[in-house]
Structure formats: structure tokens, C-alpha cells
Amino acid sequence: MAKKNSEEQRFTLSSSPHLSKEDDVNKIMNTVIMALVPAIAFSVYHFGWDSLLTIMVAAGSCLATEYLIKKMRKREVTDTSSLLTGILLAMTLPPGLGIGFVMLGSVFAIAIGKEIFGGLGYNIFNPALLGRAFLQASFPVKMTTWEAPQHLAMDAKSFATPLGGYKFGESVIQNAGDYIDGLIMGNVGGCIGETSAIAIILGGVFILVKKYADWRIPVSYLGTVFVLGGIFWLISPANYPDPIFHLFSGGLMIGAFFMATDMVTSPVTPLGSWIFGIGAGVIVILIRLFGGLPEGVMYSIIFMNAFVPLIDRYTRPKYFGEVKK
Amino acid sequence: MQVKTFKRGTHPPEFKELAADKKIEEIPLPENVFISLSQHIGAPCKPIVKPGDEVKTGQLIAEGEGFVTSQVHASLSGKVKKIDKYPSPIGTKPTMIQIESDGNDEPLQEWTEEDWHKLSIEEMKNRIAKAGIVGMGGAAFPTNVKLSPPEKKPIDTFIINGCECEPFLTADHRMMLENSDKLLEGTRIIMKILGAKRTIIGIEENKLDAIELLNKKTASESNISVQPVKTKYPQGAEKNLIDALLKRKVPAGGLPMDVGVVVNNVGTAIAVPQAVKTKKPLIERVVTVTGQGIKEPKNLRVRIGTPFKNLIEYCGGLTPDTKKIINGGPMMGIAQYTIDVPVIKGTSGVLALTEDITQKAKEFTCIRCGSCVETCPMGLVPTRLVRLIEFDKLNMAEEMGTMSCIECGSCAYVCPSNIPLVQRIKVGKQLINEKNN
Amino acid sequence: MAKNKISLIKEFTKGLWDENPVLVMLLGLCPTLAVTNSAINGLSMGLAVLFTLTSSSIIISTFRKIIPDEVRIPTFIVVIATFVTITDLTMAAKFPEISKALGPFIPLIVVNCIILGRQEAFSSKNPVGRSIIDALGMSVGFTLTLTLLGAIRELLGAGTIFQIQIMPDSFANWMVMILPPGAFLTLGFMIAGYNWINDKLKTQ
Amino acid sequence: MNPILLAALSMGGIGLAFSILLTIANKKLKVEDDPKIAQVEDALPGVNCGACGYPGCAACAEALVKGDVGISICPVCDDDEREELANILGVELGEGKREVAVLFCQGGNDNAKVKADYEGISTCLAASFQSGGERACDYGCIGKGDCVSVCDFDAIHMGEQGLPVIDRQKCTACGACVEACPRDIIELHPIDRHVFVLCKNEDKGAAARKVCDRACIACKICEKFDDSGGFHVDNFLAKVDYDKYDKDYEKPTGKCPTNVIQLVGEKDEE
Amino acid sequence: MELFVIFLSAVFVNNYVLSRFLGICPFVGVSKKLGPSISMGMATTFVMTIAAAVSWLIYYKILIPNNLTFLKIVSFILVIASLVQFVEMFIKKISRPLYNALGIYLPLITTNCAIMGVALFLVDMEYNFIQSVIFGFSAGVGFTLAIVIMAGIREKLELADVPEYFKGAPITMIVAGCLALAFSGFAGMI
């Protein structure tokens, strides 16, 4: 068929536009992975090489699961999104969780969280968080046993996180200095990738600047938590923690910058992004202050993920010159 | 001066430097011209000559019936060789009249100038119609029809569209610089015909020299103003330009006249004075021949019906890695499979794009990044429209405004998943039309 | 009637596979999901349905000719409700533990679509014997499905089947399986599995 | 009081109260419906299971009567009930001469000339907006298989030549492919018709020859050969007049220089 | 406040569909399209509220005084069936548009265990009259929430590349499972 005449050039027929921006899905995924490097680096410093192992196991299992399922469906793996899913999942796991659990969570995240809906782009829920929610529901004790950071020479097998401390009445944070060193720098207990707010913000701002994440979501999400948390704190400072504590503790930062902004599972419309962020913020505060669990970031995001189809539907912008019926 | 613009949109690389400084050149007369009988929106014209007839430059060779139609004239003198179907740059195969040049370019008559101020409005409209002037921005809507809005829709503002937002193209830019007097004269004529109170010339900021020049020339006329607009694609889309300049929204499915506005392209306005003053018909236009595949990009004044091949040869020919030949700009232009297609009245540019520029990357599934939503100048949700069309949910797709798509290509340009959004929507529009008929 | 040509065996087995009430017709999903956190609960629920369905089928098909058409649905409901009450009270008396585990889902059998559906679609039009076979087929299909569902959930969620330890001690129980999400997920996979097997059978 | 008596009394009381209420309500609040809907509703199982996707049998009945859905929508119905439904709805399978789809193009990969590369959505409709995609002929098959994807009966496959192949046994003459083809080169013909001019090119001979080896070049040999007037060339394209053409269908084939006159199907097909 | 707790509990913490498994049939059957699912939710909420009130009256004013609690199943189902039929006729009479929006869903509710479940639960929980009505209402809201979310998701999944064997009921179940996971975050809130 391809007989190219030397005299007559053969041209290509295609639809307009004939230019395209140099962006593609893999570039986006890889940039987000790059943006996670500071947080990963901190976790290695903080929890030791085990955390890197956890990340690699999760990423590896995710890739393998995706590959197997795609092969079963006779499709090809075209993108690196499952690698990102694996890393994000690992970031939300407590240090020292057994390898088996990590693998199970990864398989669930990819198989049920993503592939069953048709793969990248079709999933309803954030796969990494769904994997974590599965682990949390299956192994509640394991998932809330916090290993002490390695460089804080502590002998405690179970080490309270700041939020856990608040919930169960043994405060970890006592004075203002702890805020800087503990919450913002990350010298506290918690999941592998969530402790250091500064490292996460560094990467988060990077993807926001690159426009690979919708800035409206972290702004509205964090803003809602701050304002709502602040209101409760003003009502009763004795019972409720202050808004700064809310912002920098737990998984809020990584959730706001890397989980809630997942393009596939967040609204496509600008107004929808605001609603999504505000809704998630409200739920975080509700669970943290009144729920049975110390942390609600994960649930707030997957709960709002479920609303995304409805949000998208009802926040469709009015198209140019649309006449209301 | 304050720079105006519309909501959303994108900014593809301009590539205007290739031809922006090249003065408009005349090219030698071609041996043959192929004059399409479907150069305008509306029913094709009927030929009134037959093979073997001798024709003069500017002679009427085909005319249309009905209201929305246009006349077609011989663009050079010679013999009618054939009347047959040939490929046209808009992707169809309409009937064309092939004229073999006799090399003399003998005009039908002496084109003597008259003072247009003495003419009645009806006479001026009539002359524009007789000259076969159509919108030269690409849509090729007969200009006389555009200048005859119904009485209950009075026009208060006339807009000259000097945005030329398509990358690569520089024809309008050059015309504004080199033919500014004609442009302003045309503007005054059209204002008189429309009875419009004012004219705004909207020019993108990247054509500063044109803005300055026209500003200087219109300084004494209070009813003509030059308004710089932001360099953003698709600034030159009619509805978006009206929105940017006047903050008026043309209703979906409506026309600019619904909000009291008429918009004309620079080239159209420049063509008007000649037709009105001398009755000389439209037989040539300015075309930008550019792109990485063209050895020496240029702006050319060519006779209607000249094959692309002649233009390309005049510009030094194609580089071997040329992959696409495009009629128009890269965002909305139509890809050609042959360079034998002739220039028609709506041809604003001939692009030769090379492999590396048009390389289509692999298609991924939509990751719902929302880029298309943030870009669509019409406020649509392209990704959703495309899914709905793909799954044959045409009613819902129509409800969400598919028919308002102007096919500007912004969504497909920004899509990181490289989904051919525009092509899918074009298919969807076709299916919706079929469904509704 | 064309139906007479179908053998009694076919009448029985259709409830097990071709017209399985849970996997194909998606009937009676509420108890299916709610009580199957262990195999024994699934089995008990199935047996309760079996008893109710069979007895009400007998009554209704016996009296099918004298029940006026206008009030047939209310009549069916009263008959079913009566048997459900009997089942409920019996279970509460004899198997208090299971009765407690099944909670309100025993009384809720009364609104189970399977039972009313079979009365309407079958017992009210067919002789007693055939109705019994049909009812048995349906309820056995229901019971087996529920037991299997319960067994899977119990195995993964508690490491046991019928409270017999199956999984090695090192196995960490997936708590989620005996919680609501596990019920939905397992049933989803069971229906998908059914579709898959059915497709394979058909293409052979 | 005797508990059994009491139970019976209270149940009876409740029952009585509600049935009186309902009887009155039925009289006072009666609204006339399309009797057909009621009939269909009666024929449906009435379990309101919702398996059909409609919120209950009444809604399903309405949809059935309106003709929105087919009888097979109800998964609970048995064959008898379906038959009853069919009777009420008056759905019958009309018996007529069986037709099958025929493709009027032989411009496959070996025969059709290629004019350009095509990039974009791989459907005929989309390609038809881009000057018709790769193949040079403006009348022939685009080869992206829109007809294949619309066929619900698995009767069309894309052949090795990049041309659709129609399975005459499986074809039900539903016409979906005829609708889908942007070039209108699929037509329905009675199954006992076998002689066809498999080309739709209306260009002059030279132009047609340039785009395809198997194009009708309007040479009129078929006209001369078949003296019964079964063939005539019109608008540079040969056509068969099935009224005049005698059924001796092997006659003209093999004489056509570009082999566009072809036999399709077997003589002894039903 | 106590009533508010009942409301929150029935809507989020012990969502009627996602954690109590009531009303699964319509949840699966009528959640294909958003419009009908909203109507279904409203109809269910309406009937549930009334049914809760009537069942409470029957149970505490007729059955308990006469020591006939063993008749609760029979009497509840009778009451609900008649009630639904009555409401259906009533709506059909007073407003045809409302009937088209809500009424056609009513027959489906008769055999809906959600309604019966409300009656049985309020007896189990020993709610007083006001609490029962609020409970009935909030259970309906919980049902509506679940079915509307589900419909939104299913409409979206219709345009997705779901594996062949998972299309339809299986994927619906799995989405429901995921929703149940999401709702489990509210555990312990009340």
C-alpha cells in the first residue's frame, strides 16, 4: 500500500487542529511522581529504608496487577498511572506494615479501584485511597499501629500520631515549638509520606505551578478545614484543636495536594472543584471532631469522589449564548 | 490603551515570524485557473459559459440563484477548456471551470472610478453582490447578504476583524499595513450601507505596527476606533470577538446581527471599495504561503483559481519532509491530499507542515483533567460531549450545546490525552443533524 | 400448555442455574447481602425461605382456582405473612442465636420478591406438584447461592467456613469481608463469575 | 377474650377497614387509563421487581405499549406470558421475500489506489469528512468498517482486502449497515438476485480507471453483450435492469474488462 | 438534638441501603438514570414517613394493648400494602404530573423491604411516635442519597470501558461496595 512516488509526495489527511500541545498523560504522571520526591526523601530519613521498600513494593505490585489485568483483557498498558497510584498508596500506609498487606492493598487499589471500571480515566474513586480504605476496614488494628520514627530514639511499639493523640486524650503537641518541628517539618508519627507538611507543600506547589493539578481544590479544601476548624476552636478552645493544628496534622496536606487533585476523580468544571474541596473539608472536620476515627482525610475524599458525577452534571458552565429553557 | 479579551481560550505557538515581514508579492499569471462554482455558503453557481468560449478578465462566468448566493468571474483572460469536477481545498469535489490563460490578462472593460458618496445604498449593495464578494476569513458568507440585515434588527456597531488569531497566517496583517487606506475606505462604505454609528477595528496585540498605523490614520475620525485585543486563540472567532469588544453575547444558534453587530474580515473590507467604485469583481486575494515545509514563506496576491502548486513553486517548493498541506490555518484549516487544488475566495493561507510539527502523539483515554473545559471559548464540556457522541447519546449531547461548537480546535490542541475531540464533535454534529431531519 | 413439555427435572434445575433468583434475576438481594457474613447464616436464611416459599406455594396453588383475581395479591401476602410469622417464631424459639443474627431479615422475607414473584408467576397458574418442584428449585438455588456467598465471606473475613478453621493461623482476617462493603463486593464478583461461566458454557 | 378470636377479629378489622377505604378510594379516585396498558400490565408478572429497569410493571407496560421497548425487556416473563404480550401488543413477524445486504464495491487493498495517509478517528463517517480517507475513489468503500460495527447479527466482517464481507446466511436485512454507510454502497436485494455491477463510480472511464482497478469504466461491453436489454450504462455507470434481465445469470460475467459484473451468492440459495 | 442524631445516623452512619441492606432491589433496579432515581427516592421518603407513623400507631395502639405482637408482620404488611395503594390512587387523582413523577414508583415500593424494614426497626428501637416519624423520614433521605449517588455514577459508567462480564449488576454491586467503604468513615460518629 505504501508506494511512495518520488515525484509525487503523499500527504496526510486528518482533521483540524493540526497542532497539539506538547503534553501527554505520561508526562503529567511522571511530573506528579517527581513532585513526590521530597516527601519520599523525607520519609526515608524519618522512618528508614523500610519506607522506601514499602513504596517500591506497592509500586511494583500496582504495575504488576495492571499488567496482568490488561493482559487478561487483551489490552496494552500505555501509561504510568499505576506507578503513581502505588507510590501514593504507600505514602498513606503506616510504617512497618507487613509486605503482604502492602501488596494486598495495591492489588485492591488497581483491580477494584481502577481496572474494573475500565482503567485509567474511568475510575470513580481515587484508587490509592480506595486501596487504603480497604486495608483500613480489613485490618483496623494494624493500620493504626504507628511505629516510632527511627531517629527519635523511642522504644514505644505504638506511637501516637498528633491526631490520634488528640482523639484519645494524650496530646503529642504541647508547645508552639512542636508545631514547627513536629507538624510542619514532620518530626511526628504518622503514615510514611504524610508527616512532613513542608516536603509535601514543596511538591504540591510544583504541580500547581505546572498546572497539573487544579489549584482550586487544595485552596478550597485547606481553606474549609482552616475556617471550620477555626470556628469550632473559637467556640471552645478547650475541646477542639486550633486550625493550624488541623492544617498540618494527619494526611490533610498530602490529601489536599496529591489525592483530591487526582484529575480522574475530581470534577472537570471550575465551580465543581470548589464544591468538591469545600465538601471534603467539611467532612474532614466532622470526622476528626465527632467521628470514631482520628483521621478523616481519606474518607472525605472518596466520599466526595462519589459525588463527582453529580457535581459535574449540575455545575456544567452555561455555554456561550445558551438560552435557558 | 486597555486590552480586551474573552473568557477561556488558549495560546498556541504563533509561527508568524516566518512570513510576517514579507511584503505582499504578485505572482506570475498561471497557465490554467480552476474556478470553483462552490466558493461560498449556499447553493453552487450555474456556469453561463461553455468549453471553447473565450473569456476576459473579470467576465461573469457563473451565477447563482436565490438569496444566499454569489457570482463567479473569470480571474484571467483565455479560453474555457473544460467544465468538470475537480478536488477543491474544502475537501469536496465541486464542478469547476478550467480557463486556459492566453497570457494577456485582457480586462473585460476599463475599470473607471466613481465617487461612492454619490451612490445610493441599494446601488452599493448591488455592486458588492455583482462583484461576488464573500467573507474572506474562511467561512465565505456572501457579503451583500451580511450587509442586508432585516429591518427589525438595526445595526449599531460594525466590527473589522483584524485578529488573525490562527498561527502562521500573516495575510491580514500585511494587508492592514500595506492597504490601510483601502481598508478604511471600505470601512466607511460599509458603515454607510449599514447605517452603523461606529466601527471598532479589533487587532491582536502581536500586530503592534498595524495597531499604531491604523490608530494614526483614524485619529481624526471619532466614529472609527482601533481596539487592541489580547493575543489569544480564538480571538478572531466572530462571537468571541463581539464578546471581547462589546460584552454582548450572541445567542446560541443566532447571528451577530441579533445583537446589533456586523463583523467583517480585513480582506473583505479591502475588497469592497474596488467593487463599489469601479465595479471590478473579486478576482484575486492575498494568501500566506508558509510553514516549515515551504522553502521561502511569502505573502502572495494571487488570482482566484490558481492551483496551490503554482504558489508553492513560487515560494521555492516543498521540503521533502512535508507531511500535510493545509488550506487555511493550522487550527481550523483543511488537510489536502493534492497540491492541484486551486485557491478559492476563502483561502487565507496555504500551509506546508512538516512531520515534527504535526506529529500526532498516541491517544490515551480521557483523564478528566478539565483542560478542554478551561479552554473551550464557547463554554462547552468537550470531553463529555465526545463521550456522549461516542455512545450514541445524541439527545443529551445536543442538549449540552454540541451544535454551538465552532470547531476552533482549542480543546484538541490542549488535550494531554491527544483525543481527536474536534473530529468527534464534527461527526456528532453531523449525526445530530441527521437525527433532526 | 407448552410448559408441560418441560420435564420436572428441568423445572427444578432452572432455579439452580438458568433462572437463579439471586445471580440472574437479582431478586431477594436484601437478605442475600445482609445475612451472609457467615456460611451458617446464609444457610439458615436459605432454609427459612425454602420453608416459606414451599408452604405458601402449596397453599396458593391448591386454592388457585377459588382465589378471586382482584384480591390475589393481598391474599398471597397474607398467606406468605402467616408462614413468615411461623418461621420467625419457630426460629426464635429453637435457634435463638441464629434468629438474633438474622435480625429483622426473617420477618422481611415477607417482602422478598422471590416469594411473591413465584406465587404470581407460577403457583397461581400451575398444579400443586409442579408448584412444589418450582418452589423447591428456586429456594434451593437461593439457599446454595447464599451459603456460597456466606462461605466466601466467612473464609476471607474470619478464616473459617461453618466455623471450622480453614485458613492457616498466619492468615490475617480481612475484616472488611464480613462488613457491608464485603457483601457488595463479593456478590458483584459472584455475578461476574456467573456471567463468565455462563458465557464459556454457551460458546462451547 | 379468646386470643385466637381476638387475633382474627383485629386482623379482620384492620383488613376490613382498609378494604373499605380502598374500595371507596377506587370509586372516588378512579382515573381512566389506556385500557391496553392495563391489559399489558395484567399480562406482566406484576411482581414489580424493577429488573426491567422501569420502576415497576405499570411503567414497563406503558413503555411496551408506547413501543419504546421490546417484549424481551421483562426477564421474569416465561414464554407463555411473552406470547400473551405479543398478542396484546399485536406484534407479528411479517413474512416476505428474504433480502440480504450486498456491497457495491470491489476497491479493496489490491485494487483501489491510495491518495493519501489518514490520521484520526477510524470510522468511515469521520474519514468521509476528510476527503474520504486513504482510498482515491470518491464513490467506493472507505474501509473503516462502520457497517461492521453497526451489525447486531455478526453478519459483516472486515475482510483481508479491507472490504466488508457480508455473510448472506446471517444477514437479516435490518438495514443498519445501509444506514451507516456514508458512501451508500450497501443495498438490500432479494436473496435470489445474483448478478450485480459491483461499482458505484460515476466518473468518466479514464478518471474511474485512475482510482481503481475494479471500477466501471462505462465501456458498454455489457450493453452489447446482453441483447435482452438487461444492462444499460447511465451516467458512466453500468446498471442491471432486473425486470428485463433474463435469469441466465452467468451470461455477462467474465466479459467485463474490469470485472465489475460479478455473481454474488449461490444459485440454490433459498 | 436527639432527633437530629437519629437523622444523621439513618442518613450517614447507618445508611439504610449501604449498611443496613434495605431497599436493595430498587437501588439496583431504578438507579440507571438520574431522573427516575430522584423521583424514586422522593416517593420512598414520602411513603416511609407515613408508613412509620401508621405502623407505630397500629403496633402501640392495637397490637400491644391486645397482646397480639405476634401479628406484627401480617398487620404491617397489610397496612403498608393498602397504604401504598391508597397513596398511589390519591396522587393520581390530585395531580397527574406528580403521579407521573412519583406515583409510578409506588407499586415498586410495596414489595420494598425498605418500608417494612422501617416498621420493624422502629419497633426494635422502641422509638416514640415523633422519633418514629423522624426515623422514617431520615431513612428515606438516606435511601435517596444512596440511590442518587449511584445513579450519577452509573450514568457515568455507561460511558466507560467496563469489562464485559462486569457490566450491569456486578459493577453496580462493586460501586455499592466502594460507597459502603466511603460511608464507613462515619462509623462511630454517633
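The values are calculated or read from the model by the stated rules, or taken from the named source; none is laboratory data. Here the structure is a predicted model, which is why all the values come from computation and not from measurement. Methodologically, a virtual Cβ is constructed for each residue, glycine included, from the backbone with ideal geometry; neighbour enumeration extends over all protein chains shown. Accessible surface is based on the protein model in full, side chains and every heavy atom, while ligands, DNA and RNA are left aside. Shrake-Rupley method; radii C 1.70, N 1.55, O 1.52, S 1.80 Å.
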Trypsin sites (Lys or Arg not before Pro) restricted to DSSP loop in the stretch A:190-226 with at most 14 other C-beta within 10 Å
A:Lys211
Simple spin-label estimate for B:Lys197/A:Val205, 7 Å along Cα→Cβ, in nm, reads 5.1 nm
Summing -39500 (n - 2.57) over every DSSP H run of at least 4 in the protein assembly as shown, dividing by its residue total and rounding to the nearest 500, the 222 nm mean residue ellipticity is -13500 deg cm²/dmol
At the nearest 100 Å², what buried accessible area, both sides summed, do you get for E and D when the probe is 1.4 Å?
2200 Å²
Taking H placed 1.01 Å from N in the peptide plane, check which residues at least 5 places from D:Asp117 or on another chain put their amide H under 5 Å from its amide H.
A:Phe11, A:Thr12, A:Leu13
Rule-of-thumb Rg ratio for the stretch E:17-184 [Cα; 2.2 N^0.38 Å; N residues]
1.11
Taking θ as phi - 60°, what are the ³J(HN,Hα) couplings along the stretch E:67-72 by the Karplus curve (6.51, -1.76, 1.60), each to the nearest whole Hz, with x for Gly and Pro?
6, 10, 4, 5, 8, 4
Buried solvent-accessible surface, both chains (A, D), 1.4 Å probe, Å² to nearest 100
900 Å²
Which of the pairs B:Lys152/B:Lys197; A:Lys27/A:Lys114; B:Lys153/B:Lys239; A:Lys21/B:Lys309; B:Lys82/B:Lys426; B:Lys23/B:Lys192 have their Cα atoms more than 23 Å apart in this structure?
A:Lys21/B:Lys309; B:Lys82/B:Lys426; B:Lys23/B:Lys192
Modelled FRET efficiency - R0 35 Å, A:Tyr45 with A:Val141, Cβ distances, 0.05 increments
0.80
Hey, can you find the accessible area per residue of the stretch E:17-184 for me, probe 1.4 Å, expressed in square angstrom?
29 Å²
Note: probe point = Cα of C:Trp17 + 7 Å toward Cβ; backbone nitrogen < 17 Å; residues of the stretch C:177-204 passing the test are C:191-204
Quick one: grab the alpha carbon gyration tensor of chain C, order the square roots of its eigenvalues as a ≥ b ≥ c, and give me rounded if a/c is under 1.5, else prolate or oblate depending on whether a/b is larger than b/c.
oblate
Within chain A, which is the longest segment that contains none of the GluC sites (Glu not before Pro) sitting in a DSSP loop with at most 13 other Cβ atoms within 10 Å?
A:171-325
At a 1.4 Å probe radius, carbon and sulfur cover how many percent of the accessible area of the protein assembly as shown?
58 percent
Where in chain A are the DSSP H helices whose alpha-carbon span along the long axis reaches 20 Å or more and whose Kyte-Doolittle mean is at least 0.5?
A:49-72, A:216-235, A:270-290, A:297-314
Separation of alpha-carbon centers, the stretch D:188-240 and the stretch E:132-190, rounded to whole Å
61 Å
Tell me the trypsin sites (Lys or Arg not before Pro) within the stretch B:255-285 that lie in a loop according to DSSP and have at most 12 other beta-carbon atoms within 10 Å.
none
From the cross-link list B:Lys56/B:Lys277; B:Lys130/B:Lys182; B:Lys295/B:Lys362, the entries with a Cα-Cα span beyond 24 Å are B:Lys295/B:Lys362
Given H placed on each backbone N at 1.01 Å, which residues far from D:Gly145 in sequence or on other chains put an amide H within less than 5 Å of it?
D:Cys124
Cut-off 10 angstrom, C-alpha nodes, Gaussian network model of chain A. Which of A:Leu52, A:Leu202, A:Leu222 fluctuates the most?
A:Leu202
Note the buried accessible area between B and A here, summed over both chains, with a 1.4 Å probe, in Å² to the nearest 100.
4400 Å²
List the trypsin sites (Lys or Arg not before Pro) within the stretch C:3-94 that DSSP assigns to loop and that have no more than 12 neighbouring Cβ atoms inside 10 Å.
C:Lys65
